[in-house]
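Read-outs throughout are calculated quantities, based only on the coordinates presented, and are distinct from any laboratory measurement. All values derive from a computational prediction rather than experimental measurement. Glycine also receives a Cβ, built like all others from the backbone with ideal geometry; neighbour counts cover every protein chain displayed.
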Amino acid sequence: MNESTLVKIMRACLTKPVNQRQEWWVRGLLPSNRAPSRWICRRRGLCSLPGRMLEGPVPEEPERDWGSEAPCAGSCHAQRILQTLNAFMDLAEVIVVIGGCDRKGLLKLPFANAYHPDSRRWTPLPGMPGFARSEFATCTLRNDIYVSGGHINSRDVWMFSSHLHTWIKVASLHKGRWRHKMAVVQGQLFVVGGFDGLQRLCSVERYDPFSNTWAAAAPLPEAVSSAAVAPCAGRLYVMGGAGRDGVSTNKVQCFDPKEDRWSLRSPAPFSQRCLEAVSLEDTIYVVGGLMSKIFTYNPGMDVWGEAAVLPSPVESCGVTVCDGKVHILGGRDDHGESTDRIFTFDPSSGQVEAQPSLQRCTSSHGCVTIVQSLGRNKTSFKGWVCVPAQASFAWRSNAQYLLPALTLYKSPSYVTSFTFIIAAWTF
């Protein structure tokens, strides 16, 4: 096996979409009678013993022609490599849709479902305990899903553990709210603004997952509800929303968590509420507010732009990034009814495409992306998982938290386009 073959293995097994990372790539490039796993482990900077990382580079050994002396694929280490790669192929980004309102907005839906865009398969998840709710806030932290508040004036915060596949109640908010937003910046979860049934809120709360406590952060300069909120480049951006007097605003409020300070940026080209936003590749995408356009904001340049036009206006929709695309799910149309339509926007091509519909008409729901096993490969062992640095947003955000132990590793100089997250994992 030469270095170019190793590069092919890495590209085939770690950078292709899930539906292209097939086992034959591995077995075709790593024949059963030529599996020098010790060579592979040394080249990847890994110790062949499971459960520990190599503290320094492995000393180089003279190259040799393995020939008939090559370790067979049945060896412990070779099998471990193949099993680890197979298990990695079984992981994929899925979109989770939680709760919301029905078509007429009268009923609050108790459902939670995961959607795999490649297979177009829906999988039911446990519904939130307690009662069905809407206009709550949702985000992911460490590949777990957090849901806070909701109609009316709730302080409850629930976490869905993707590992335990169950809901766990965590520390409650100091201030009950709904029509607010949550976002994660620098490993901490922030709850921003909202409505308490009487007035719009300027309060901001910060959650520390290690101590399971909430603390007050610097308040918003202007109280808003139903605003678009997204993290980008280490800061938090709050765009638009309904102001204290109930009139929609175009203000953009920027929070620096290091300074615990807010500032105002260039105003948005719209004054709307019921907005949603996501960030992808240092750009924020804003949809909703019964607008037919997808707007972009570049925080580095403080410049607004237009990315694409949607087939129809929508508000209170679900928006998330999955497989490098912006997914827009459900929402209310200009007749005030919930829809079941799904659209994807591809920033690389600038195209908006219609996708298969939701299972039901839904609006004011939660919508996030996590990494989940598709359940195709049922293996049970301990091994190593490598996640490419070029992986899409959910991988970069959540993959490190899928695993109980973690270290960062810079690949050898001849594999110049990869930096891997390598961690012990039990499948």
Inset, instruction - Can you figure out the FRET efficiency of LEU106 with ASP340, using R₀ = 22 Å and their beta-carbon distance, to the nearest 0.05? - result: 0.85
Inset, instruction - Would you please name the chymotrypsin sites (Phe, Trp or Tyr not before Pro) within the stretch 87-146 that are DSSP coil residues with at most 14 other C-beta atoms within 10 Å of their C-beta? - result: PHE131
Legend entry - Estimated translational D of the stretch 91-372 in µm²/s (Stokes, Kirkwood radius over Cα pairs; 25 °C; 0.890 mPa s): 133 µm²/s
Legend entry - Ordering of 314-324, 233-243, 151-161 by packing [mean C-beta count within 10 Å, highest first]: 314-324, 233-243, 151-161
Legend entry - Evaluated over the stretch 116-269, the Cα radius of gyration and Dmax, each in Å: 15.7, 46
Inset, instruction - Return the sequence-ordered ³J(HN,Hα) values of the stretch 363-370 in whole Hz as given by the Karplus equation 6.51 cos²θ - 1.76 cosθ + 1.60 applied to θ = phi - 60°, using x for Gly and Pro. - result: 8, 6, 10, x, 8, 9, 10, 10
Inset, instruction - Treating each Cα of the stretch 140-215 as an identical point scatterer and ignoring solvent, apply the Debye formula and state log10 I(q)/I(0) at q = 0.27 Å⁻¹. - result: -1.34
